[in-house]
Amino acid sequence: MATISSPGIGSGLDVQSIVSQLVALEKAPLKQLQTQASSFQTRLSTYGNIKSQITALGDAAGKLAGASGWNAVNATSSNPSAIGVTVAAGAPATSLTMAVQQLAKAQSTASTAVAADTAMGTGSMTIELGSWSGSSFTAGAGTPVAVTINAGEDSLAEIAAKINDADAGVSATVLKDASGERLLVRSKETGLENGFRITVDDDDGNDTDASGLSRLAFAVGNANGMSSSQSAQNALATINGVSISSASNRLGDTLPGMTLQLSQVTTEPVEIEVSSDTEAVRANVQAFVDAYNTINTTLATATRYDEATKVAGALQGDSTATGLHNALRSMMRSITASSPYTRLADVGIELQTGGKLSIDSEKFDAALADMDGLKSLFTIETGASTTEGFGRKIQAFAEGLVDAEGLVGNKTTALQASIKRNGLEQDKVNDRALRAQARYLAQYNAMDAAVGKLNGLSAFVSQQITLWNKS
């Protein structure tokens, strides 16, 4: 921009002040635009809260719209130290009596004691899984696993490591005490079918004597090999007098949705109860009420005018917010096609003055006693939005509102567009003010220069007249 070094020096005018005031006039529309921008931002933020709270309401309603909000169950055992019980959601309510006569156990064997780091011979050990009946062994479907033992090298610790690495269905360890070292071998799984037999191919030519690798063989009745410290066995129990057998002490599929953990043999029957978890249902309904009350409070605060403080809410006069508030309240007063309850008020969920919901404990407890009827009030599916269950209709309503093309989604998009347009308008005002400033400075600089020249000419003329008068 063309300027002089000190605007006004030629004319004596305060050019900078004059130009500043003129530019301020050019920028006058900014104040209104900035006020609008602040209002847009506040409204956008408020709609952001509304969107989040409606989503939360939809989630709470959605939980009550399907089975997940109603199928929580409780399970109790009169002797949990002997029989523990857990249940999956949706397990049928039941009552039963159970007794445990025998726990499932894994087969365990032990070798005779030898001095530490004794080489146990050479050859191979073959481990087979199966079941024992007296001294008769019936091999299972698995493939026997062979373990090679090196001559003069493998101690019990090294043999145990090889057995474990072979993944033969057994685990091995070495027990040390004052008498020496023993090899302990145990089935990895409990149950009669998970017993094992160990045969050896002893390079000393005798596979059943008490020397060399033969000392680590196991078969029922073989006195020279490893001895049995625990035979494999199934758990034996009765449920309502019916005998059952299990290879595991954890019964996961004996009863639908129920897992039983057997820990002790019982001396008297254990009572097991499975019932609906009414407290979980109560918590889900309370979460729904709380979510509605949160969005109701936000909308009421945002759309009202406070006479006492003379302050309007962020969305006071906003028809979208007012319409949404009214629609939510109306929905809470609507009906469903369920039976015997058709309204929220029928089960104690009542709309109060100001639009908040509250739960009448006495009426709601009575409704909990009719769980199927209460569930129907929220889950019934009719295909008509006006008569759907409250969980279904409010979930659908909330999803529609926050969808990109929904009421709240559209309002948010419109506000964002308004903020963008406002920013562009502010940029235009600032650009016009900058151009005006350049124009005003150029004009006043030119005027200042012209006045300066005239002042110089005037001084010269005055000087000449003075000289003429003296002469």
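The values are calculated or read from the model by the stated rules, or taken from the named source; none is laboratory data. For clarity, every value in this text was computed on a predicted model and none was experimentally measured. Ideal geometry is used to build each Cβ from the backbone, glycine not excepted, and the neighbour counts take in all protein chains shown. In case anyone asks, the SASA skips ligands and DNA or RNA and just uses the protein heavy atoms, side chains included. Shrake-Rupley method; radii C 1.70, N 1.55, O 1.52, S 1.80 Å.
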Whole-Hz couplings from phi, Karplus 6.51/-1.76/1.60, listed for region 205-218; x for Gly and Pro: x, 10, 8, 10, 7, 9, 9, x, 5, 4, 5, 9, 6, 9
Calculated FRET efficiency for the pair S248/S124, C-beta based, R₀ 51 Å, to 0.05: 0.95
Listed pairs K31/K51; K63/K411; K310/K428; K51/K393; K375/K411; K27/K420 exceeding 24 Å between Cα atoms: K31/K51; K63/K411; K310/K428; K375/K411
Surface per residue (accessible, 1.4 Å probe) for region 166-233, Å²: 48 Å²
For region 159-173, 3J(HN,Hα) per residue [Karplus equation, 6.51 cos²θ - 1.76 cosθ + 1.60, θ = phi - 60°, Hz, x = Gly/Pro]: 5, 4, 5, 5, 4, 5, 5, 6, 6, 9, x, 10, 10, 10, 8
Computed lengthening from M447 to T238, 0.36 nm per intervening residue step minus Cα-Cα distance: 63.9 nm
Longest DSSP-loop-exposure-free segment, GluC sites (Glu not before Pro), the chain, at most 13 other Cβ within 10 Å: 154-306
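Could you state the accessible area per residue of region 310-445 in Å², with a 1.4 Å probe and every protein chain left in place?
51 Å²
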All-pairs Cα distance distribution in region 257-304, expressed in whole percent, bin size 10 Å: 18, 24, 19, 16, 12, 9, 4
Calculated log₁₀ intensity ratio I(q)/I(0) where the Debye formula runs over C-alpha points of region 206-269, q = 0.12, 0.20, 0.30 Å⁻¹: -0.53, -0.79, -1.32
Value in Å of the Kirkwood radius, where region 173-240 supplies the Cα pairs that are averaged: 14.0 Å
Top positive-direction residue, dipole computed over the chain with Cβ charges, set N71, A37, T254: A37
Dipole moment magnitude, nearest 20 debye, the chain about Cα centre, only Lys, Arg, Asp, Glu C-beta charged: 3840 debye
With every protein chain in place, the chain: carbon and sulfur % of accessible area (1.4 Å): 51 percent
Fully extended contour minus Cα-Cα distance, from Q352 to A300, at 0.36 nm per residue: 17.4 nm
Under Karplus coefficients 6.51, -1.76 and 1.60, residue-wise ³J(HN,Hα) of region 420-427 in Hz, glycine/proline x: 5, 5, 4, x, 5, 5, 5, 4
Estimated FRET transfer efficiency when R0 is 45 angstrom, pair T148-A223 (beta carbons, to 0.05): 0.95
More than 19 Å apart - percent of Cα-Cα pairs taken over region 289-444: 67 percent
Convex hull volume per residue in cubic angstrom - Cα atoms of the chain: 378 Å³
Accessible area, probe 1.4 Å, largest first, for residues W468, W132: W468, W132
Virtual spin-label span in nm between T309 and S81, 7 Å along Cα→Cβ: 6.1 nm
Estimated dipole of region 84-168 in Debye, rounded to 20 [Cβ of Lys and Arg +1, of Asp and Glu -1, Cα centre]: 480 debye
Principal axis dimensions, largest first and in whole angstrom, of region 19-151 by Cα: 112, 54, 30
Length added when fully stretched, A141-K31, from 0.36 nm per residue minus Cα-Cα: 30.9 nm
Stokes-Einstein D in µm²/s, Kirkwood radius over Cα pairs - region 181-329 at 4 °C with 1.567 mPa s viscosity: 56 µm²/s
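Counting heavy atoms of the protein chains only and a 1.4 Å probe, report the per residue accessible area for region 15-89 as a whole number of Å².
It amounts to 50 Å² per residue over region 15-89.
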Rounded, prolate or oblate (a/c below 1.5 giving rounded, otherwise prolate when a/b exceeds b/c) for region 245-381 by Cα gyration tensor: prolate
Anchor K105: lysines whose Cα lies under 29 Å away (excluding residues fewer than 8 positions away in-chain): K162, K176, K188
Dipole magnitude of region 293-369 about its Cα centre (Cβ charges: Lys, Arg +1; Asp, Glu -1), debye to nearest 20: 200 debye
For region 78-142, the Rg and Dmax computed from alpha carbons only, in angstrom: 21.7, 61
Within-15-Å neighbourhood charge of D318 [Cβ basis; K, R +1; D, E -1]: +4
Whole-percent pair-distance distribution, where bins are 5 Å wide, for the alpha carbons of region 370-446: 3, 13, 10, 9, 9, 7, 7, 6, 6, 5, 5, 4, 4, 3, 3, 2, 1, 1, 0
Pairwise label distance in nanometres, A414 with A24, each label 7 Å out on the Cα-Cβ vector: 3.8 nm
